[in-house]
Amino acid sequence: MRKNIVAGNWKMNKNLQEGIALAKELNEVLSADKPNCDVVICTPFIHLASVTPIVNSEIIGVGAENCADKVSGAYTGEVSAEMVASTGAQYVILGHSERRAYYHETVEILEEKVKLALANNLKPIFCIGEVLEEREANKQNEVVAAQLASVFSLSAEDFSKVILAYEPVWAIGTGKTATPEQAQEIHAYIRSLVADKYGKEVAENTSILYGGSCKPSNAKELFANPDVDGGLIGGASLKAADFKGIIDAFK
Ligand code: 13P
């Protein structure tokens, strides 16, 4: 059966010392009170090599927030999937709406990134989701279907290593969460697209996370939906107590 996962996305927050302190605190808190789901923290690149040795990998997985769409070479400032994997990280967020909007990542670029991540044994946490105007025009289904093209060119074997995250852009950092009904409706639709492409078994085994203003107070009702398999958490992943509160929604 598919896994329940709570993943943190630190975004561009925490300097190295602050990040190490947060990872240590989280490791202590979750070692003392073991989670009932997989837990992942996705950190800025520079934190990865310091964070992976200080967390218990049986309890906390570590991931990057991006990787390059090229293997190696003269791409100043880029960080490859191989470099990410060499830190001990096991995951990488790809296709986050902030990368799509501010860094112009297209379906084609993301397809390359996903392939390179998988070639380096990183599990992609692949994000999809519509902006407010698209939701208001009731276009969310066609938007997520088009975004899934980046992962629907994979073989079934490779696709089964991908974690999907539905993040309505209008709910990210806004305090405005999708209702549990809105989340369930589109998660079920996303799962139906996976079933159409790869069959029912693969679809049933795909974890689909919800992201967007998820907090301890709303996580339980969101995660209670049959097609919501956990969360991708931004702001609330920056404090151990809040992140733990969301993880505890699975208790
Ligand atoms: P917030 O939880 O801060 O709304 O961010 C969600 C997100 O973008 C996670 O990737």
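The values are calculated or read from the model by the stated rules, or taken from the named source; none is laboratory data. Keep in mind that this is a model prediction, so the values were computed, not measured. No Cβ is skipped: glycine too gets one built from the backbone with ideal geometry, and neighbour counts run over all protein chains shown. These area figures cover heavy atoms from the full protein model, side chains too; ligands, DNA and RNA do not enter into them. Shrake-Rupley method; radii C 1.70, N 1.55, O 1.52, S 1.80 Å.
If R0 equals 22 Å, the separation of the Cβ atoms of Lys220 and Tyr189 corresponds to a calculated FRET efficiency of about 0.45. Label zone (Ile20, point 7 Å along Cα-to-C-beta; backbone nitrogen cut-off 20 Å) within the stretch 37-61: 41-57, 60-61.
Kindly identify the stretch 24-156 as rounded, prolate or oblate by the Cα gyration tensor criterion: order the square roots of the eigenvalues as a ≥ b ≥ c, call it rounded if a/c is under 1.5, otherwise compare a/b with b/c, prolate if a/b is larger, else oblate. Because a/c hits 1.5 or more and a/b fails to exceed b/c, the stretch 24-156 counts as oblate.
For Asp248 and Lys3, what is the calculated FRET efficiency with R₀ set at 25 Å and r taken between the beta-carbons, to the nearest 0.05?
0.90
By the combined test of axial Cα extent (at least 15 Å) and Kyte-Doolittle hydropathy (mean at least 1.6), none of the DSSP H helices of the chain qualifies. Pairs of Cα atoms nearer than 8 Å and 6+ residues apart set the relative contact order; for the chain it is 22 percent. By the Kirkwood approach, averaging reciprocal distances over each pair of separate Cα atoms, the stretch 180-230 gets a hydrodynamic radius of 11.2 Å.
Applied to the stretch 42-51, the Karplus parametrisation 6.51 cos²θ - 1.76 cosθ + 1.60 on θ = phi - 60° returns per-residue 3J(HN,Hα) values of 9, 10, x, 3, 5, 7, 4, 5, 7, 7 Hz, with x for Gly and Pro.
With the convex hull constructed from alpha-carbon coordinates only, the stretch 1-64 shows a mean projected area of 4.2 nm² over all directions.
Remark on the stretch 149-251: Rg and Dmax equal 14.0, 40 Å (Cα only).
Taking the simple approach of a point 7 Å from Cα along Cα-to-Cβ for both Asp158 and Glu28, what is their distance in nm? It works out to 4.3 nm between the two label points. Sorting Tyr103, Tyr189, Tyr198, Tyr210 by solvent-accessible area of protein heavy atoms yields Tyr103, Tyr189, Tyr198, Tyr210, largest first, with a 1.4 Å probe. Relative intensity of the stretch 101-205 on a log10 scale, I(q)/I(0) at q = 0.12, 0.19 Å⁻¹, equals -0.41, -1.02, per a Debye sum over C-alpha point scatterers of equal strength in the absence of solvent.
Using only the Cα atoms of the chain, build the gyration tensor, take square roots of its eigenvalues as a ≥ b ≥ c, and label the shape rounded, prolate or oblate: rounded if a/c is under 1.5, else prolate if a/b is larger than b/c, else oblate. Since a/c stays below 1.5, the shape of the chain is classed as rounded.
From the alpha carbon centroid of the stretch 190-227 to that of the stretch 1-50 is 21 Å.
Once you have a ≥ b ≥ c as the square roots of the Cα gyration tensor eigenvalues for the stretch 54-109, tell me rounded if a/c is under 1.5, and otherwise prolate or oblate according to whether a/b is larger than b/c.
Note, shape of the stretch 54-109 comes out oblate.
Coupling constants for the stretch 98-103 follow from the phi torsions by the Karplus curve (6.51 cos²θ - 1.76 cosθ + 1.60, θ = phi - 60°), and in residue order they are 5, 6, 5, 7, 8, 10 Hz; glycine and proline get x. Solvent exposure of Lys34, expressed as accessible area, is near 120 Å², computed with a probe of 1.4 Å over the protein chains only.
For the residues Pro180, Pro124, Pro226, a GNM of the chain with alpha-carbon springs under 10 Å puts the largest fluctuation on Pro226.
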